Amino acid sequence: MKAVLISEKKDPSILLIKEAMEKKFSHTGFIHLSRVGLLTKNNKTKIMVGSINFEKYDCAYINAKPDLTQFIEPLIDEIRQKGIYCNLKPESYYITSNKPFLYVLLNSKEIPVQKTTVLSSANLIESSMNSFDYPVIIKTFEGNRKTQSLVIDSLRGLKSFIKSIKSEPSVITIQEYLQGDAIYCAVIGTNVFAYKRKWLEEKFEHSTKEVGTALSDKEKKQAVDSMNACGLDLGLVKIIQGKTVNVTPILNLEKFNKALGKQMQETIAEHFYKKVTGD
């Protein structure tokens, strides 16, 4: 059985996963994302990686930034169609890179999220505040790229923010500002590991120290449900005050391993092995 890791670079997390997979698979390759192409011709699409026959792989782990969504999505689709297991499903990168859509999707799946208003124009911001209490967090986006994220604690601050907007954003979100411990959940299939950053009331911010934490069954289910809603088998779910505030396919294994005293890359390798073998 053969596995491959596709990433923009060999960062520490990728190296840890590769080392763990080498213990489970007969061959584990690494391909730099910049070497990968897609050739569509005569009703067929081929994954091009130099002279490598990509179909020899049984599974693929993909790690890429959200701004590469337009390339990653067709790549995922082609990998899946070839029967190669992947940690992502079609549309997963689009969902997690488009944060306004992410909030709406999670809510539609009855997953708790912070109260959110999605707007198409800055002219609607002030009138939309009727359903919110201060403080709020306002984010602006150009396409899928977040351009601003500010905590607003008064009407005066709100008016100042509106005046500061130079060009019309693609989309704007207004959200209740949650003040509580931030719980970061690493979801690997049905396994959930977590650390938290404590809310420092006197500083009105989260601690930078990651501390391992035990989750309730309800919190574990919410983390897995949040991942499944986005079409992910592996990734990170962030929860504050019982509400899912972010989902991303990118895991920083060094932070989790340090906070929890575990080697989570071994759980990832085992997950891939079971998906390929059906065990």
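Within segment 181-213, the set of residues being part of a loop (DSSP other than H, G, I, E, B), within 21 Å of the chain's Cα centre (by Cα) and among the small types (G, A, S) comprises G189 only. When F141, F132, F101 are checked against the criterion of being touching a residue at least 40 places away in the same chain (Cβ under 8 Å) and under 20 Å from the mean Cα position of the chain (by Cα), F141 stands alone in meeting it.
Would you check if there is a residue in segment 153-164 being closer than 26 Å to S226 by Cβ and either β-branched (V, I, T) or surrounded by 13 or more Cβ atoms within 10 Å (Cβ to Cβ) (or both)? Break it down into steps so the answer makes sense when it comes.
Quick first cut of segment 153-164, residues closer than 26 Å to S226 by Cβ only: none.
No, that holds for no residue.
Taking only segment 151-178 into account, find how many residues are without any contact (Cβ under 8 Å) to a residue 40 or more places away in the chain and over 16 Å from N130 (Cβ atoms). Lay out the reasoning, then the answer.
Of all residues in segment 151-178, those without any contact (Cβ under 8 Å) to a residue 40 or more places away in the chain come to 151-161, 163-164, 166-167, 170.
From what is left, the residues that are over 16 Å from N130 (Cβ atoms) are 151, 153, 156-157, 160-161, 163-164, 166-167, 170.
Final tally of qualifying residues: 11.
Evaluate the following for K146: is it open to solvent by 50 Å² or more (accessible area, probe 1.4 Å), closer than 23 Å to K238 by Cα and either among the β-branched types (V, I, T) or in contact with a strand residue (DSSP E or B) (Cβ under 9 Å, 6 or more places away or on another chain) (or both)? Against the criterion (open to solvent by 50 Å² or more (accessible area, probe 1.4 Å), closer than 23 Å to K238 by Cα and either among the β-branched types (V, I, T) or in contact with a strand residue (DSSP E or B) (Cβ under 9 Å, 6 or more places away or on another chain) (or both)), K146 qualifies.
Considering only residues that are touching a residue at least 24 places away in the same chain (Cβ under 8 Å), open to solvent by 60 Å² or more (accessible area, probe 1.4 Å) and assigned to a loop (DSSP other than H, G, I, E, B), look in segment 63-89 and name the one that is nearest to V187 (Cα to Cα). Looking at residues that are touching a residue at least 24 places away in the same chain (Cβ under 8 Å), open to solvent by 60 Å² or more (accessible area, probe 1.4 Å) and assigned to a loop (DSSP other than H, G, I, E, B), I get K89. Residue-level analysis places Q175 outside the set of residues that are loosely packed, with under 15 Cβ neighbours inside 10 Å and either on the phi > 0 side of the Ramachandran plot or in a strand (DSSP E or B) (or both). Scanning segment 1-40 for residues that are without any contact (Cβ under 8 Å) to a residue 60 or more places away in the chain, polar (S, T, N, Q) and either over 17 Å from K275 (Cβ atoms) or surrounded by 13 or more Cβ atoms within 10 Å (Cβ to Cβ) (or both) gives S7, T28, S34, T40. With respect to (1) open to solvent by 60 Å² or more (accessible area, probe 1.4 Å); (2) touching a residue at least 12 places away in the same chain (Cβ under 8 Å); (3) in contact with a strand residue (DSSP E or B) (Cβ under 9 Å, 6 or more places away or on another chain), the lone exception for G235 is condition (1). Only one of the numbered conditions (1) at positive phi; (2) surrounded by 15 or more Cβ atoms within 10 Å (Cβ to Cβ) is not met by I268, and that is (1).
The values are calculated or read from the model by the stated rules, or taken from the named source; none is laboratory data. All values derive from a computational prediction rather than experimental measurement. Reconstructed Cβ throughout: ideal geometry from the backbone, glycine too, with neighbour counts over all protein chains shown. When the accessible area is computed, the model is the full protein with side chains, heavy atoms only, and any ligands, DNA or RNA have been set aside. Shrake-Rupley method; radii C 1.70, N 1.55, O 1.52, S 1.80 Å.
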